[in-house]
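Notes follow the structure.
The values are calculated or read from the model by the stated rules, or taken from the named source; none is laboratory data. Computed from a prediction, not measured in an experiment: that's the story for all the values here. Note: ideal-geometry Cβ built from the backbone for every residue, glycine included; neighbour counts use all protein chains shown. Note: areas computed on protein heavy atoms with side chains; ligands, DNA, RNA excluded. Shrake-Rupley method; radii C 1.70, N 1.55, O 1.52, S 1.80 Å.
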Amino acid sequence: MSSMDSTRPGVIAGRSDAWGASAIAPMSRVLGTIGVTYLLLLLVSATNLADPFLRNDDYLALLALPDGFYSKTLHEGRWLNYWWHLRGIVTPAWLNFALYQLFWAAFCGATAIIACGRGATWRTVLTLSGLLALSVPALLISLWFNTLLPGIAILALYAVLATQVSQRVSRLLLLIFVPITLTAYTTYPILLLCLCLAARDTRRSWTDLATVLCLFGLAFGLGIVGIYTLNLIEHGIFGIPMAEWRDPRPATDWASLMANTRMLAQSMWDGALAAGFQNTTVTVVGIALFLGAMVVLARTDRWSALYLMTGLGAGLALLSLQVLLTGITLPHRTLGFACMIAAIAVVRAQLEAQEHGLPSARALQLGALTILAAHAILTPKQYASYLPWQQETRAMADILNAGHGPLYVTGDYDALNSARSAHLQAPQALRLRLYHLTGRRIVVCSETPDRCGSFAPYDGPRPHMVQGDDAMVLYLPVKAESPDG
């Protein structure tokens with residue numbers, strides 16, 4: 001049989017075309033895979049369960065404060081997230097984080113079942129589910145768990161539905177789920193596309209591939225038009241203007257286009273390095289494993305290789321176009337779909353190599369398990385790096401709760417070792433954290449100097465809190481000036 005035949009070895013008998021009934025997975029298998037994956041996520045994030053670390057404006061979602069998030073509807077089209085902010089019900093951070101991890105486990109478990117196919121062993125499915133769940137972009141984006149809770153729930157719903165309905169139905173559902181998830185996070189729709197293209201138990205052809213891409217393109221276009229229309233109704237602007245804080249550098253001539261191209265190349269490498277926990281060896285091994293897997297798939301099942309590379313190429317093209325045109329940098333968390341395709345490629349190549357009796361099957365299996373083990377070790381360390389900040393700010397809150405009046409914060413939050421280890425990006429991280437813990441009014445002088453009076457200079461190495469007549473002052477260390485000023 002030709003490797004470009006429309007059926008792969010082991011495809012379910014009786015399948016007439018790609019729009020026919022798919023192999024519906026037993027719900028016990030789906031729930032079992034989700035359960036084991038969820039347990040894995042809870043274990044690696046154990047240090048973050050009781051008092052989860054939040055990134056920046058995720059406090060607005062936790063505390064249901066829509067006013068601070070409102071601008072993102074215009075500049076980012078995050079309408080679903082904004083409506084979530086309007087819910088008026090505040091649930092504990094630990095509960096939201098546990099739910100977020102559950103929904104992510106559901107997406108990963110269902111995706112693994114679909115990508116591995118009907119004949120895959122339990123161990124193979126769990127290996128792929130674990131690789132998907134523990135990718136670095138997934139870890140990074142999990143720190144916005146309050147904001148993204150509705151979006152990740154919709155991703156999970158789609159993935160689980162895809163294990164229980166025909167392939168025709170699951171693909172048509174893109175017309176509903178892609179526009180909705182686009183209003184939660186820009187790359188969520190790409191995850192749905194990759195899930196569709198990764199299905200193993202199917203017949204493939206150029207017509208089928210074009211059909212999937214056309215459906216996705218139509219669904220993505222509907223989402224864009226929907227966001228533009230909402231922005232026109234609410235803000236009077238038909239479009240998504242780039243926020244100034246992103247420091248956009250639009251390509252207006254050849255020189256600026258080349259500058260953005262260099263920025264794109266650097267962003268891609270930085271993203272690949274981040275996917276290896278900033279370890280060059282882990283990154284290079286991961287890339288080599290992916291390339292080796294694609295070589296095996298090209299020999300054994302070229303349609304699988306083509307479908308997976310199409311998903312990867314479509315996602316990279318969408319992100320690259322944005323960078324080239326606007327000049328904004330790519331956050332590492334946006335590359336989750338690339339890690340998803342890489343993990344699926346490695347496990348699928350292992351399955352195909354086993355079916356064809358190739359010796360590379362053992363090497364691919366060992367590689368997949370090695371990467372999974374490395375991520376299972378390094379992910380808890382990453383979550384644990386936020387513990388010093390959580391502990392130090394809880395200690396501050398205990399002192400603050402014993403006093404009275406508003407709190408004024410002077411000095412530099414990023415002079416604290418705990419802030420640097422947590423990679424905090426703005427003074428609001430301290431202000432919102434203390435507000436969350438105490439409910440008190442917090443004024444950070446570096447944010448709003450006009451609201452602060454003159455405070456006595458402080459050069460101590462540790463934070464120091466003083467109770468005044470009608471307010472408290474938190475003195476933070478002052479960050480040392482760099483040699484170049």
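A few notes on this one:
- Candidates ALA265, ALA293, ALA288, filtered to the one that is closer than 21 Å to VAL347 by Cα, free of Cβ contacts under 8 Å to residues at least 40 places away in the same chain and among the hydrophobic types (A, V, I, L, M, F, W, C): ALA288
Yes or no, residue by residue, for (1) assigned by the TED database to the domain that holds ASN56; (2) closer than 15 Å to ARG462 by Cβ; (3) in contact with a Lys or Arg (Cβ under 7 Å, 6 or more places away or on another chain); (4) open to solvent by less than 30 Å² (accessible area, probe 1.4 Å):
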{"residue": "GLN391", "(1), (2), (3), (4)": "no, yes, no, no"}
{"residue": "ARG394", "(1), (2), (3), (4)": "no, no, no, no"}
{"residue": "ALA397", "(1), (2), (3), (4)": "no, no, no, yes"}
{"residue": "HIS404", "(1), (2), (3), (4)": "no, no, no, no"}
{"residue": "LEU407", "(1), (2), (3), (4)": "no, no, yes, yes"}
{"residue": "ALA415", "(1), (2), (3), (4)": "no, yes, yes, yes"}
{"residue": "ALA419", "(1), (2), (3), (4)": "no, yes, no, yes"}
{"residue": "ALA422", "(1), (2), (3), (4)": "no, no, no, yes"}
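- Qualifying residue in segment 219-227 (condition: over 29 Å from TYR100 (Cα atoms) and part of a helix (DSSP H, G or I)): no
- Residues of segment 183-208 that are hydrophobic (A, V, I, L, M, F, W, C), outside any loop (DSSP other than H, G, I, E, B) and open to solvent by less than 10 Å² (accessible area, probe 1.4 Å): ILE190, LEU192, LEU193, CYS194, LEU195, LEU197, ALA198.
- Hits in segment 209-249 (condition: among the acidic types (Asp, Glu) and at pLDDT below 95): GLU244, ASP247
- GLU244 passes every criterion in (1) among the acidic types (Asp, Glu); (2) open to solvent by 30 Å² or more (accessible area, probe 1.4 Å); (3) closer than 30 Å to GLN354 by Cβ apart from (3).
- The single condition among (1) surrounded by 14 or more Cβ atoms within 10 Å (Cβ to Cβ); (2) within 23 Å of the chain's Cα centre (by Cα) that HIS235 does not meet is (2).
- Selected residue [open to solvent by less than 20 Å² (accessible area, probe 1.4 Å), of a type outside the set (Phe, Trp, Tyr), under 30 Å from SER304 (Cβ atoms) and modelled with pLDDT of 95 or more] from GLY35, GLY109, GLY117, GLY20: GLY109
- Qualifying residue in segment 149-157 (condition: closer than 27 Å to LEU297 by Cβ and either at pLDDT 95 or above or in a helix (DSSP H, G or I) (or both)): yes
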